[in-house]
Amino acid sequence: MITPGGILKNRLQQIISTSKCYITLIRKALPCLKLRVYLYSSDDTMNPTLITRKSLADEVAATLQEQILKGRYKIDQKLPVEAELMKSFGVGRSTIREAVKILVNSGFLRVQQGIGTFVEDSSGINEPLGQRLKRASAKNITEVREILEMKIAEKAAMNRTGNDISKLEHALKKRTKAANENQVEDCIDAHVNFCILMAEASKNDMLADLYKLFSVPLKNDLLNAHQDTSFFKSTSENYHKLFETVLREDPKMAWHWSGKITGQITR
């Protein structure tokens, strides 16, 4: 005879078994996907920490790239065959091929059909900037972006149009509104959009394209760094002053307020 306690025990065992299956499937799937994952603490505050998960191919490519840059593989040296790379990295053939494709597109490798894969460049000078940013430190990215922002502000004050002003004003209003309502993601979106619009207002396509590349790590850094909008509230006045200098077509003061915002100018 099965008791109520026995039924409950059997049901719990079924639930645990099913849960283990789902956990196993999720663990297998995650490395193959580029996902933004929120990890929560066990306390009631539930403060999210943003984590960007790379694919296995990205991780293999990054490791191979580091080995090339450190001189393990020299220019024109042939890489080990796929089977050896698969064994070395503990991944499948498709992952190795995707990693090689990434490094070919980055200028580090070349594939000679029927012969093998060879090191094309070990300096990184041919690496596309977007790819280079993926392995740059947050500190270096921030320093270069801040230099860009000051020049962008100056050029925007010189070259902006009435349409640029309308777009900037709209983005700034959205930033302010989201900050006051403590809408973190909306605030960050509006903030990054304001910066991109400022770059476009410079009327220098090179500056605008460069800044758009830097805006991707900028957004990720902001999402990682801020759980509320207090930072955006505290900097709101400076951004409004920056906007006013661009509106007045005053490049000198636009440079100044951009420098104040980035911390390059302290007076």
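Each value in this text was obtained by applying a stated rule to the coordinates, not by laboratory testing. Values in this document were obtained by computation on a predicted structure and should not be read as measured data. Note that each Cβ is placed from the backbone with ideal geometry, even for glycine, and that neighbours are counted across all protein chains shown.
General observations
- Straight-line reach from residue 173: taking Cα to Cα under 16 Å and skipping same-chain neighbours fewer than 8 places apart, the aspartates and glutamates in range are 164, 181, 185, 186, 189, 237, 244.
- Average projection area in nm² (convex hull over Cα atoms of the range 136-262, one quarter of hull surface): 6.7 nm²
- As an equivalent ellipsoid, the range 151-225 spans semi-axes of 22, 16, 7 angstrom, where each value is the square root of five times an eigenvalue of the C-alpha gyration tensor, largest first.
- Nearest-20 debye value, the range 74-218 charge dipole, Cβ charges on Lys, Arg, Asp, Glu: 160 debye
- The range 56-126, Cα convex hull volume normalised per residue, Å³: 77 Å³
- Estimated distance in nm for a label pair at residue 265 and residue 241, the labels positioned 7 Å out from Cα along Cα-to-Cβ: 0.9 nm
- Order of 198, 206 - criterion: other Cβ atoms within 10 Å of each residue's Cβ, fewest first: 206, 198
- Backbone HN-Hα couplings from phi across the range 165-174 [Karplus 6.51/-1.76/1.60, Hz, Gly and Pro as x]: 4, 4, 5, 5, 5, 5, 5, 5, 5, 5
- Part-to-part distance (alpha-carbon centres) for the range 135-158 and the range 216-259, which is given in Å: 12 Å
- Cα-Cα over 25 Å, subset of 233/260; 177/252; 151/260; 134/219: 177/252
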